[in-house]
Amino acid sequence: MLHLIYTKENLSRGDSIKGFYEIFNLARNKENATVAVAVAGAPYVMEAANEATKLGIAKMILVGDESKIGQIAHEKGIDLSLFEVVNEPDPVMACKTAVSLVSSGKVSSLMKGDIDTSTVMRAALDKETGLRTGKKLSHMAAFETEGYHKMLFATDCAINIAPDFDTKVDIIENAVAALQNLGINKPKVALMAAKETVDDKMPVTQEWAKIVELHKSGERMQGCIVDGPLALDNAISEDACRIKGINSPVGADADILVAPTIEAGNMLYKCLSFITKAKNGGVVLGAKRPIVLTSRADTAESKLISIALSVLF
């Protein structure tokens, strides 16, 4: 069973969003939040769903093999009467059923359960019954770390392999809209590169400079502060900015780190998760409703955090 220190009595830690306590508290104040889990028969998924229900974060609809769901609930001491269970033993059909619940407006977000990503995303992106909006989808991860003064968000860590200029703009706008839903009215966006100056030999630095110009023109990416290129230390460290003489409106205070490629984003995500042991969660943005797309190997706590984020985003 999942044992966390989160309870209804200790979720608040202050006015600013410094950690997931605040995220859980905000999620508990959302009305009619419901999450449909596609192929729910996995221990970590069930534990996260149970905690989300007990904390009042969301109602959970468990779609999958009812006998397997019941077996796991019995083994983990989970009261199934707290959930709506939709019996669909076939994994592909379970994904389609969960997506249909989201597209119909019955639930707030979709969560991947014990199924590979490609199967659930195939259902989510179906042209007739899926969750397409015309915008590019992107993944955003949230981190609570001991070494930073507030929550840190990173994008895109899992969806877009080699995003072009327009896709990068969509990724930024998806992330900004999500943070605005958290009450961060003007998030600071750091466009990440290996250095903080424009270099002819590093095309991404030139692309970031053009995106900053587009932001300043007022045409796109409004309601935020965008700057780059910035190296990671410039984005999060006051000492690095002082030593290097960097005067950036985002420097040392970034809310969102935008990776230039999926490799950079994925390595950043896993470095923070596994080396620094940062608490984390992630959500896919840009669809009709948020999609919780955690790895099947992610902990129950990470899945719980992702559920809370999806309710808010």
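Every number here is computed from the coordinates shown, using simple stated rules; none is lab data. Keep in mind it's a predicted model, so treat the numbers as computed, not measured. Here Cβ is always computed from backbone atoms with ideal geometry, including for glycine, and neighbour counts include all displayed protein chains.
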**Study point:** With Cα atoms, 0 to 90° folded angle of helix 165-181 axis to the chain main axis
**Key:** 60 degrees
Practice item. At 0.36 nm per residue, minus the direct Cα-Cα distance, what do residue 277 and residue 82 gain on full extension? Give it in nm, one decimal, please. Key: 67.0 nm
Review point. If you find the alpha carbon centre of region 37-76 and of region 120-166, how far apart are they in angstrom?
Key: 24 Å
Study note, to complete from the structure: Taking r as the C-beta separation of residue 71 and residue 122 and R0 as 25 Å, the FRET efficiency to the nearest 0.05 is 0.40
Check your understanding: With the contact rule set at Cα under 8 Å and sequence spacing of 6 or more, what percent relative contact order holds for the chain?
Key -> 22 percent
Point to revise | Per-residue ³J(HN,Hα) for region 56-70, Karplus 6.51 cos²θ - 1.76 cosθ + 1.60, θ = phi - 60°, Hz, x for Gly and Pro | key: x, 6, 6, 7, 10, 9, 9, 9, x, 6, 4, 5, 5, 4, x
Exercise for review: Please give the FRET efficiency for residue 210 paired with residue 261, using the beta carbon to beta carbon distance and R0 = 25 Å, rounded to the nearest 0.05.
Suggested key: 0.90
Study note, to complete from the structure: To the nearest 20 debye, region 138-275 has a Cα-centred charge dipole, built from +1 on Lys and Arg Cβ and -1 on Asp and Glu Cβ, of 160 debye
Practice item. May I ask you to list the aspartates and glutamates whose Cα is less than 13 Å away from that of residue 244, ignoring any residue fewer than eight positions away on the same chain? Key: 196, 233
Exercise for review: Taking the chain as the reference, fit the longest principal axis to its C-alpha atoms, fit the long axis of helix 300-312 to the helix C-alpha atoms, and give the angle between the two in degrees, 0 to 90, nearest 10.
Suggested key: 70 degrees
Practice item. Would you pull out the residues with amide H under 5 Å of residue 88's amide H, same chain only if 5 or more places away, H placed 1.01 Å from N? Key: 64, 65, 66
Revision key, fill the gap. Once amide hydrogens are built 1.01 Å from N within the peptide plane, the residues lying 5 or more places from residue 139 or on another chain with amide H under 5 Å from its amide H are 157, 158, 159, 160, 285
Practice item. Within region 212-275, list the GluC sites (Glu not before Pro) lying in a DSSP loop whose Cβ has at most 10 other Cβ atoms in a 10 Å radius. Key: 219
Practice item. For n ≥ 4 DSSP H runs only, could you compute -39500 (n - 2.57) per run for the chain, divide by its residues and tell me the 222 nm figure to the nearest 500? Key: -11500 deg cm²/dmol
Study note, to complete from the structure: region 277-313 and region 94-108 have their Cα centres apart by a whole-number Å value of 17 Å
Review point. Can you put 126, 227 in order, fewest other beta carbons within 10 Å first?
Key: 126, 227
**Study point:** Under Karplus coefficients 6.51, -1.76 and 1.60, residue-wise ³J(HN,Hα) of region 231-236 in Hz, glycine/proline x
**Key:** 6, 4, 5, 5, 6, 10
Check your understanding: Based on Cβ point charges of +1 for Lys and Arg and -1 for Asp and Glu, what charge dipole magnitude is obtained for the chain about its Cα centre, in debye rounded to the nearest 20?
Key -> 380 debye
Point to revise | On Cα atoms only, tilt of 91-103 relative to the major axis of the chain in degrees | key: 70 degrees
Practice item. Considering Cα pairs under 8 angstrom that are at least six residues apart, work out the relative contact order of region 138-275 and quote it in whole percent. Key: 33 percent
